[in-house]
Amino acid sequence: MQVLKQHDNYVVEKNMDFRSSGTYMESWGYFSDNRTMFIMSMPLASIRESVELSNRFTTWVGLIALVFGSALMCFVTNRITKPILKLSSLSEEMSKLNFDVAYEDDAEDEVGILGRSMNSLSHSLKDAIGALQAANKQLQHDIDEKIQIDEMRKEFIANVSHELKTPIALIQGYAEGLCDGMCEDVESRNYYCEVIMDEANKMNKMVRQLLTLTALEFGNDTPSIEAFDISELVHDLINSSSILIQQNKAKVTVDMPEILMVMGDEFKIEEVVTNYLTNAMNHLGGEHQIRIWSDVTDKVAKIHVYNNGNPIPEEDLPNLWTKFYKVDKARTRAYGGSGIGLSIVKAIMEAHHQQYGVANREDGVEFWFTLALAPEIPEDQEPAENP
């Protein structure tokens, strides 16, 4: 027997029954009237079984509560943190100037309101930065254009100065010679005067070309588009240049229809053909042949001017249309060229919105340009001839 608790009116004991080999929890004593006695006995094994069952139940309930509690906690945490993570990602993209992302959630809580506010901020920043980028791009374009204009102005002044330097020096030298009486005989004086007049004519021609080119480039001399016969223009130009053709010992052949009506400014197109023909005569070689022909395709007439001679280096072909550009500077002064003629051709053809070009051919060089064909006039609308 082992006394577990003892009181005035009761005693709790732990007894071992050797007969049944069992242990019991017993309690006996008196009620409050001190006359009624009670005795209770319970096997300790049943108490242990109940305690074990209770512990097992408590363990499973605790585990289940832990699992459900963790799942609930994860759900609640995800529900709270996911919008915040979205806002964080949105702000990070905005810091990289990526304003195409947006917060997509219709929640009415504080996070949803913040997300929609960030969307509004993103749109405002996108518009503002887009406007700034456009303004910056335009500003950069204006700066580049101004730099280019300044470079072109410097190059233009340098080229004009270079072109005028030689004739002015010649005129000055021969004029001083005349003033000093170096040419007492008539033949020498005439030679000096011819040189002065020739150089003055070259300067006058170059100035007129520059004025024409400037007017074309700035749109002050717009072409007057009318129908005219390009075949007649070419034949008339060759007839008027017959003396120059004979001096250059050139053989000119024309392969064009008898009548080829095109649309354009006849006087300006005449200047184009004149520049092509003059350029061909100044660079003749071989058999001194110049050939002019036309092709008509898809309502467009293409005029070709070919001459025998040395080919132009391929790297120089794109630069031929640049003002004052010369492939062979050494031989340019032999025929008074200033490098402006082809620039005028470029300006005239671009004012007509037509194409032009140059290409090396076998034993020569070919220049070309295009013009739109004139619309055909029905016979019943043609003006009647005067009797």
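Read-outs throughout are calculated quantities, based only on the coordinates presented, and are distinct from any laboratory measurement. What you see is a predicted model; the values in this text were computed from it and never measured. Neighbour counts run over all protein chains shown; Cβ positions are idealised from the backbone, glycine included.
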* **Relative packing of 131-142, 115-126, 297-308, which averages over residues the other C-beta atoms within 10 Å, highest first** => 297-308, 115-126, 131-142
* Kyte-Doolittle at least 0.0, axis length at least 20 Å by Cα - qualifying DSSP helices, the chain -> 44-95
* To do: Rank ILE149, ILE168, ILE39 by mean-square fluctuation in a GNM of the chain with C-alpha springs under 10 angstrom and give only the top-ranked residue.
  => ILE39
* Structure fact -> The residues PHE75, PHE18, sorted from fewest to most surrounding Cβ atoms within 10 Å, come out as PHE18, PHE75
* Structure fact -> If every Lys and Arg gets +1 and every Asp and Glu gets -1 at its Cβ, then about the Cα centre the chain yields a dipole, in debye to the nearest 20, of 2760 debye
* **Max mean-square fluctuation residue, GNM over the chain, Cα-Cα springs under 10 Å, options GLY309, GLY62, GLY364** => GLY62
* Asked: When DSSP beta bridges are limited to those with both residues in the chain, what percentage is antiparallel, rounded to the nearest 5?
  -> 90 percent
* Structure fact -> Listed by chain and number, the residues whose amide H is under 5 Å from that of ILE312, excluding neighbours fewer than 5 places away on the same chain and using placed H, are none
* What list of ³J(HN,Hα) couplings, whole Hz, do you get for region 298-312 from phi and the Karplus terms 6.51, -1.76, 1.60, once you set θ to phi - 60° and write x for glycine and proline? -> 6, 6, 10, 9, 10, 9, 10, 10, 10, 9, 5, x, 5, x, 8
* To do: Kindly provide the trypsin sites (Lys or Arg not before Pro) of region 44-104 that DSSP labels as loop, not H, G, I, E or B, and whose Cβ sees at most 11 other Cβ atoms within 10 Å.
  => LYS96
* Identified option (computed Kirkwood radius over Cα pairs in Å; candidates (1) 21.6; (2) 32.0; (3) 23.2) -> (2)
* Lys/Arg Cβ at +1, Asp/Glu Cβ at -1, dipole of the chain taken about the Cα centre: which of HIS288, SER224, VAL11 is farthest positive-ward? -> VAL11
* Cα-Cα over 29 Å: which of LYS249/LYS299; LYS165/LYS346; LYS96/LYS146? -> LYS249/LYS299; LYS96/LYS146
* Rank SER95, LEU66, VAL76 by how far each Cα sits towards the positive end of the charge dipole of region 24-134 (+1 on Lys, Arg Cβ; -1 on Asp, Glu Cβ) and give me just the farthest. => LEU66
* Among VAL101, VAL61, VAL207, rank each residue by its count of other Cβ atoms within 10 Å, from fewest to most, as a rough exposure measure. => VAL61, VAL207, VAL101
* Isotropically averaged projected area of region 2-84, using the convex hull of Cα atoms (one quarter of hull area), nm² -> 9.9 nm²
* Could you pull out every residue, at least 5 positions away or on a different chain, whose amide H is within less than 5 Å of the one on PHE324? Hs are placed 1.01 Å off N in the peptide plane, and Pro or chain starts have none. => ILE340
* Structure fact -> Once the dipole of the chain is set up from charges on Cβ (+1 Lys and Arg, -1 Asp and Glu), the residue from the list MET25, SER161, THR322 lying farthest towards its positive end is MET25
* Structure fact -> Candidates LEU178, LEU213, LEU66; GNM for the chain (alpha-carbon contacts under 10 Å) flags as most fluctuating LEU66
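Rank these for me by crowding, PHE38, PHE367, going from fewest to most other beta carbons within 10 Å.
PHE38, PHE367
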* To do: Counting only GluC sites (Glu not before Pro) that are in a DSSP loop and have at most 15 other C-beta atoms within 10 Å, tell me the longest site-free stretch of the chain.
  => 1-103
